[in-house]
Amino acid sequence: MLQQLFNEMIKQDVKPFLAQHGFVKKSLNLYKITDNLIYMLNFQKSAGNSADHLMFYVNCGIYSAELAQIQAKDVLTEPKEADCHFRARIREIAEVAPDRFAITADTKMDDVRKTLLSGLQQVVQFYRTMTSARSIVDYYTSGPFLHLGEESFHLLLQTNDVAAAKQYLQALQEKHGAEQRWTIFEKQYEAIFKQYGVEFTKL
């Protein structure tokens, strides 16, 4: 019963809405493929679902062939969410959406549809601002996040944007420099700077 409500919502609401924006459905993944990036949305059902309670998450991902090459990985045409270089739950992009959606016998499906489609609309708008590998790198360096650190330094130094690389390094040092694990990251980053003949400054 609940499974049927979920399936109908994906088929009748989610798929047509995302198809308007160029997404194609493959199982519970929807993909939009462009020259530079692959955008995806993944509907993940909770492991603890039962006959009277169904929960699901919406995972957002952007995959970059350019970043995959920097990682020396095979370039994928249908990446899974875990393969994506940008990864987030819908709640991190769309404030209107909950961290997870729940369907029970009492759930007003119109409300779930409305919230979900509103959240997906915000994700689509966000995806429009992410147009290249550099967009993904800029997102994580502005954090500053350790995620994609090595790939980000490679991309910035390959394109000779030394100023941005040094700014990112300084921001990471200020945020994580006191942590025990920082020395491991520092060695990795120093090796990358050396590879491109750029001076590496320690705090």
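Annotation: of all residues in region 104-129 being among the β-branched types (V, I, T) and at pLDDT 95 or above, the one that is farthest from the chain's Cα centre (by Cα) is V112. Inspection of region 83-92 identifies no residue that is open to solvent by 30 Å² or more (accessible area, probe 1.4 Å) and modelled with pLDDT under 95. Would you mind stating whether K202 is among the basic types (K, R) and loosely packed, with under 12 Cβ neighbours inside 10 Å? Yes; evaluated as a whole, the condition is true for this residue.
Taking the conditions (1) polar (S, T, N, Q); (2) surrounded by 15 or more Cβ atoms within 10 Å (Cβ to Cβ); (3) over 20 Å from Q4 (Cβ atoms); (4) out of contact with any Asp or Glu (no Cβ under 6 Å at 6 or more places or on another chain) in turn, T107 satisfies each one other than (3). The residue pairs whose first member lies in region 109-124 and is in contact (Cβ under 8 Å) with a residue 40 or more places away in the chain, whose second member is in a helix (DSSP H, G or I) and of a type outside the set (A, V, I, L, M, F, W, C), and whose beta carbons are closer than 6 Å, counting only pairs six or more residues apart or on different chains, are R113/D13. In this structure, is Q44 surrounded by fewer than 16 Cβ atoms within 10 Å (Cβ to Cβ) and either in contact with a helix residue (DSSP H, G or I) (Cβ under 6 Å, 6 or more places away or on another chain) or over 23 Å from E92 (Cβ atoms) (or both)? Here the answer is no, as Q44 does not meet what is asked.
Please verify whether E66 is surrounded by fewer than 16 Cβ atoms within 10 Å (Cβ to Cβ), over 22 Å from K11 (Cα atoms) and charged (D, E, K, R), treating the condition exactly as stated. So E66 fails the test.
Yes or no, residue by residue, for (1) under 19 Å from E66 (Cα atoms); (2) touching a Leu at 6+ places or on another chain (Cβ under 7 Å); (3) assigned to a helix (DSSP H, G or I); (4) among the basic types (K, R):
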residue	(1), (2), (3), (4)
A165	yes, yes, yes, no
L169	no, no, yes, no
I184	no, no, yes, no
V198	no, yes, no, no
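The listed residues are G197, G149, and the only one of them that is among the small types (G, A, S), over 17 Å from L41 (Cα atoms), open to solvent by 30 Å² or more (accessible area, probe 1.4 Å) and more than 14 Å from the chain's Cα centre (by Cα) turns out to be G197. Residues in region 12-38 that are touching a helix residue (DSSP H, G or I) at 6+ places or on another chain (Cβ under 6 Å) and open to solvent by less than 20 Å² (accessible area, probe 1.4 Å): 1 in all.
Apart from one condition, Q69 fits all of (1) touching a residue at least 40 places away in the same chain (Cβ under 8 Å); (2) more than 13 Å from the chain's Cα centre (by Cα); the exception is (1). Only a single item in (1) surrounded by 18 or more Cβ atoms within 10 Å (Cβ to Cβ); (2) over 30 Å from L5 (Cα atoms) is not met by T131, and it is number (1).
The values are calculated or read from the model by the stated rules, or taken from the named source; none is laboratory data. Small disclaimer: the values here were computed from a predicted structure and weren't measured. Note that we place each Cβ from the backbone using ideal geometry, even for glycine, and neighbour counts take in every protein chain shown. The accessibility values were calculated without ligands, DNA or RNA, using every heavy atom of the protein model including side chains. Shrake-Rupley method; radii C 1.70, N 1.55, O 1.52, S 1.80 Å.
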